[in-house]
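Take a look at the structure set out below.
The values are calculated or read from the model by the stated rules, or taken from the named source; none is laboratory data. Model, not experiment: these values are computed from the prediction. When we count neighbours, we look across all protein chains shown, and the Cβ atoms used for this are built from the backbone with ideal geometry, even at glycine. Just so you know, the surface numbers come from the protein's heavy atoms only, side chains and all, with ligands and any DNA or RNA stripped out. Shrake-Rupley method; radii C 1.70, N 1.55, O 1.52, S 1.80 Å.
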Amino acid sequence: MEQSGRSIGSFSAPKMLVGVIDANESHRRQVAQALVSFYQVATYSTAADAVADLGKRPLCALLVDQSAPPRGGGDFVRLIRSGNLFAGVPIVFTGTGDENTLRHQAAECGADCFLAKPFRRSLLIRAISQQINKTVEKKWEALPAASRRALVGTMDVYNSFSDVVEKGEPVAYAQVLSACGPLVEAVGMQEHKEILASIRSHDNYSYAHSLGTATLLVLFGYAIGLKDPDLSLLGSGGLLHDIGKMSIPYDVLNKADPLTPEELTLVKSHVPLTLQFLGQSAELPKNLLVIAAEHHERLDGSGYPRGLKGSELNELSRMAAIVDVFCAMSERRVYRPAISAEAALSIMVEGMSSQLDQTLLALFREMLLDTGR
Ligand SMILES: [Fe+2]
Ligand SMILES: [Fe+2]
């Protein structure tokens, strides 16, 4: 969707590529099956095959088995680390036998972490995800100061939520606000593009979605003339709006196949879970709770959890719904690739005209065109 030579730019990211080197055919197949929903996977029986094929392709992580022919995975990883091959690509070392020996082998050859076979699918995905995020977060160091502070601050506070949720403690709003200050500042300096680009490859999808929502809500706020403290409230609301998802099993949130009715009910329960969690903190502004409570409500009453409609939904709920839908569509999911910004907006205009506030949506689209690359 283009207008007067302006373009919305890219918000989405393709699947990232993971290389797997393992002499054992059935293990290669198992790993590929485990990862295929999340990543593009290329498997090889020898290191030489991997080098020949992957040399020029942008890898996000490499799994090297200790038995990788011809001279073993340890030798191959040492070779990589002593030259320019796969520079900066995180390496997960896999193998059988005693865990301490494997840990030692991995550290000694320069791998970033190790996994002892047989490993669970969730452990494999978590290990790769952590390594990818380390690489992504390292790149933040080169960003302009405000964007860097926004990313690091919100990442820290978001990570702290998982402990807070687990212990049932209230959210410290002062911490959230201080993390959102640099976000409001960075968006005010038109650095939202840097922030959105920086989280595009981040593998913590909940964090990336929450910060993306926060960033675009703040940008939306600026576009309609809001000032602080309203802008900070939009940022905080975006960051906290799906926090209840932390209590929903990872396997359900990241299921590649269609959800069963029970699983769908479980996913939808993230709204009451979020409210229950946020309700423990007496200091949170009421409007922040509105964002969390009503971002899945729709003007025609088809939303959840309360099926509110029309005038029951204020401007804030309507903005939150637009930004949440746009961010979710623009993000890669295990069950579908990312949808381009233009296609997402077309769906929101043509397919959701009775559900989303079309006047605000037109403003949102104009804002993206004005600020797009
Ligand atoms: Fe949500
Ligand atoms: Fe959301």
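Descriptive notes on the structure:
- Solvent accessible area, Å² - D203, 1.4 Å probe, full protein context: 30 Å²
- Convex hull volume of the stretch 298-373 per residue (C-alpha atoms, cubic angstrom): 95 Å³
- The P(r) of the stretch 112-175 has a tail past 12 Å containing 76 percent of all C-alpha pairs.
- Each of T154, T43 has its accessible area taken with a 1.4 Å probe; listed largest first, they run T43, T154.
- Lys/Arg +1, Asp/Glu -1 at C-beta; the chain dipole; positive extreme among C109, G88, L217: C109
- Trypsin sites (Lys or Arg not before Pro) within the stretch 98-176: DSSP coil, no more than 16 neighbouring Cβ in 10 Å: R120
- 0 to 90° range, to nearest 10: angle between helix 173-188 axis and the chain longest Cα axis: 90 degrees
- Debye log10 I(q)/I(0) at q = 0.07, 0.08, 0.10, 0.13 Å⁻¹ for the chain, Cα point scatterers: -0.35, -0.45, -0.69, -1.07
- Within the stretch 18-72, none of the chymotrypsin sites (Phe, Trp or Tyr not before Pro) combine a DSSP coil assignment with at most 10 other C-beta atoms in a 10 angstrom radius.
- For the Cα trace of the stretch 17-137, dividing Rg by the Kirkwood Rh returns an Rg/Rh value of 0.91.
- Other residues whose C-beta falls under 11 angstrom from the C-beta of I339 contribute a net charge of +1, scoring Lys and Arg +1 and Asp and Glu -1.
- Given their separation in residues at 0.36 nm each and the Cα-Cα distance between them, K227 and Y335 gain 35.1 nm when the chain is fully extended.
- Mean separation of Cα contacts under 8 Å, 6 or more apart, over the residue count of the chain: relative contact order %: 17 percent
- Put simply, the stretch 85-219 fits an ellipsoid with semi-axes of 33, 19, 12 Å; these come from the alpha carbon gyration tensor as the roots of five times its eigenvalues, largest first.
- Surface share of carbon and sulfur [accessible, 1.4 angstrom probe, percent] for the chain: 53 percent
- Placing +1 on each Lys and Arg Cβ and -1 on each Asp and Glu Cβ, with no other charges, gives the stretch 259-373 a dipole about its Cα centre of roughly 180 debye.
- With a 1.4 Å probe rolled over the protein heavy atoms of all chains, the accessible area of Y250, Y207 falls in the order Y250, Y207, largest first.
- Counting only protein chain heavy atoms and rolling a 1.4 Å probe, the accessible areas of L143, L275 rank, largest first, as L275, L143.
- Difference of contour (0.36 nm per residue) and Cα-Cα distance, D370 to D98: 92.1 nm
- Between 0 and 90°, nearest 10: helix 99-109 axis offset from the chain longest Cα axis: 90 degrees
- A crude spin-label estimate for the pair E166 and V252, with each label 7 Å from Cα along the Cβ direction, gives 1.9 nm.
- Annotation for the stretch 37-97: trypsin sites (Lys or Arg not before Pro) lying in DSSP loop with at most 13 further Cβ atoms inside 10 Å of their Cβ are K56, R71.
- Unit charges on C-beta of K, R, D, E only; dipole of the chain, Debye: 760 debye
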